[in-house]
Each structure stands twice: as C-alpha cells, then as structure tokens.
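Beneath this line is the structure, given in structure tokens, with notes to follow.
The values are calculated or read from the model by the stated rules, or taken from the named source; none is laboratory data. Remember, predicted model here, so these are calculated numbers, not experimental data. Here the Cβ is made from the backbone with ideal geometry for all residues, glycine too, and neighbour counts use every protein chain on show. The accessibility values were calculated without ligands, DNA or RNA, using every heavy atom of the protein model including side chains. Shrake-Rupley method; radii C 1.70, N 1.55, O 1.52, S 1.80 Å.
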Amino acid sequence: MTDIAVVDYGMGNLHSVATRLKQAAPGLEVTVTSDPRVVAEAARVVFPGQGAMPDCMRELDAHGLRAAVIEAAHTKPFLGICIGVQMLFARSDEGDVACLGLLPGTVRRFASDMQTATGERVKVPHMGWNRVRQTVRHPLWAGVADNAHFYFVHSYYVDSPDAALTVATSDYPRPFTCAVARDNVFAVQFHPEKSGEDGLRLDRKSTRLNSSHSQQSRM
C-alpha cells in the first residue's frame with residue numbers, strides 16, 4: 001500500500017506534484033498511478049490535473065478511475081489541485097459537462113470583459129501570483145500566513161450555493177472561491193507545487209493530517 005497516490009488520468013504534469021510531495025514528506029512513499037486499485041488502497045490521495053473539463057472527465061472514465069476517486073473523497077485524506085477542485089463539483093460551463101457531483105455547484109468561466117477599479121482590462125486566463133485570503137481556520141492553513149501569495153493558472157472557478165465549503169478566496173478582480181473543504185476533502189484552485197515555501201507548508205500539512213474528518217472554524 002502506497003502512502004500517497006497521485007491520480008494520473010493523463011492530464012497535466014503530475015510529476016511536479018509528486019516531486020513536491022516527496023520533498024514535503026521524504027519518509028513517505030508517493031506513487032503517480034492510473035491504477036484504480038492503487039488509488040483505492042492508498043492512505044492518502046492527491047487529485048491534480050490541467051486541461052479542458054470535457055477531456056479531463058473523458059480521460060478519468062477511460063482510465064476507470066471515477067469510482068476510485070469518488071470513494072477516496074469519501075473515505076481518506078484527499079487533496080484536489082487546480083482542475084482537481086473543479087471536477088469535484090456538479091457541472092462545468094466548459095463544454096457543459098457533468099463533473100463528479102461530490103460538491104454542490106457549477107464551474108464558471110471568468111467574464112471576458114472584466115475590468116479593475118481603474119478601468120484596466122483583466123486578462124483571462126488568470127495566470128501568476130495572487131493573494132489567498134483565508135476565511136476558515138482549517139488545519140492545512142497552519143503555518144501559512146493569511147494573504148500569502150500562491151500561484152494560479154486558470155480560466156474557470158467554482159461557484160457553489162454552499163458558502164460553508166469556502167475556506168479561502170482570492171480576487172480577480174472580484175472575490176472568487178479558491179479553496180474548499182468538507183470533512184476529509186481539501187481542494188485548491190492554485191498550485192501548491194509552484195508556490196514556494198507556503199505551498200510546501202500546505203503540502204507538508206496535507207501529508208501529515210491523520211484525521212479523516214478535519215476540524216475547522218469560521219474566522
């Protein structure tokens with residue numbers, strides 16, 4: 001049984017995620033895998049990825065990983081990254097496709113006509129460093145300063161009717177949810193593996209959190 005399974009469904013550079021996890025937890029076995037049995041047997045699961053939502057959902061099913069990912073999200077410490085957070089929700093406007101439906105809400109695209117308060121046009125995709133404002137005291141934020149900078153690359157964000165899911169927001173230029181949590185699931189829109197020391201701290205916490213139901217409180 002591997003300690004940490006990084007789910008490989010053929011989308012994104014997963015080896016950079018695995019390299020950072022090995023740095024965060026040098027004593028643990030980190031396995032990049034497309035084998036549902038390895039995912040099912042792992043102590044923890046990391047669900048990253050990049051690309052278009054229709055392709056991601058198709059490839060997840062083509063690799064036979066849907067059931068294993070859903071079961072992992074229900075039963076063990078689970079970290080979603082980038083499109084790995086978006087896929088947890090009910091539906092995406094990108095391709096108008098159904099996602100995994102584990103969390104209520106829709107994945108929305110940033111508006112193409114967004115402007116800053118000074119009238120400057122905002123580019124899509126949102127790419128680069130941005131502040132992350134913590135809204136919930138979650139164990140994975142321990143040691144990470146509020147308003148720390150994390151690295152983003154995305155054109156879509158999650159929009160949920162359940163405000164209790166949100167554990168952090170960022171601004172582009174208006175606030176959007178950039179991290180969600182429920183029970184054993186913690187998922188982020190940004191890339192911890194590309195986010196310097198604060199990303200490493202978050203990854204380190206994710207590899208050490210033992211409880212399957214994390215305690216959190218509103219700030």
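For a modelled paramagnetic label at ASP146, 7 Å from Cα along Cα-to-Cβ, the residues of region 103-138 in reach, with backbone nitrogen under 12 Å, are 133-138. The relative contact order of the chain comes to 20 percent, based on Cα pairs under 8 Å that sit 6 or more residues apart. ILE70 contributes about 40 Å² of solvent-accessible surface, heavy atoms of the protein only, 1.4 Å probe. If R0 is 22 Å, the Cβ-Cβ spacing of ASP183 and THR106 corresponds to a FRET efficiency of close to 0.55.
Over the chain, consider all pairs of different Cα atoms and compute the Kirkwood hydrodynamic radius from their mean reciprocal separation; express it in Å, one decimal. After inverting the mean inverse Cα-Cα distance, the result is 17.2 Å.
Hull surface divided by four, with the convex hull built on the Cα atoms of region 1-128: how many nm²?
Details: hull surface 35.4 nm².
If I average the Cα hull's projected area over directions, I get 8.8 nm².
Which of the DSSP-defined H helices in the chain satisfy a minimum axial length of 24 Å, computed from C-alpha atoms, and a minimum mean Kyte-Doolittle hydropathy of 0.0?
Span-like helices here: none at all.
Averaged over residues, the count of other Cβ atoms within 10 Å places the peptides 179-186, 91-98, 190-197, 112-119 in the sequence 179-186, 190-197, 91-98, 112-119, highest first.
Counting only protein heavy atoms and using a 1.4 Å probe, the accessible area of ARG121 comes to about 150 Å².
Calculated FRET efficiency, GLN115 to VAL153, Cβ-Cβ distance, R0 = 25 Å: about 0.75 to the nearest 0.05.
Its DSSP H runs of at least 4 residues, each contributing -39,500 (n - 2.57), put the calculated 222 nm mean residue ellipticity of the chain at -7000 deg cm²/dmol, to the nearest 500. Solvent-accessible area of LYS22, all protein chains in place: 110 Å² (probe radius 1.4 Å, heavy atoms, ligands and nucleic acids excluded).
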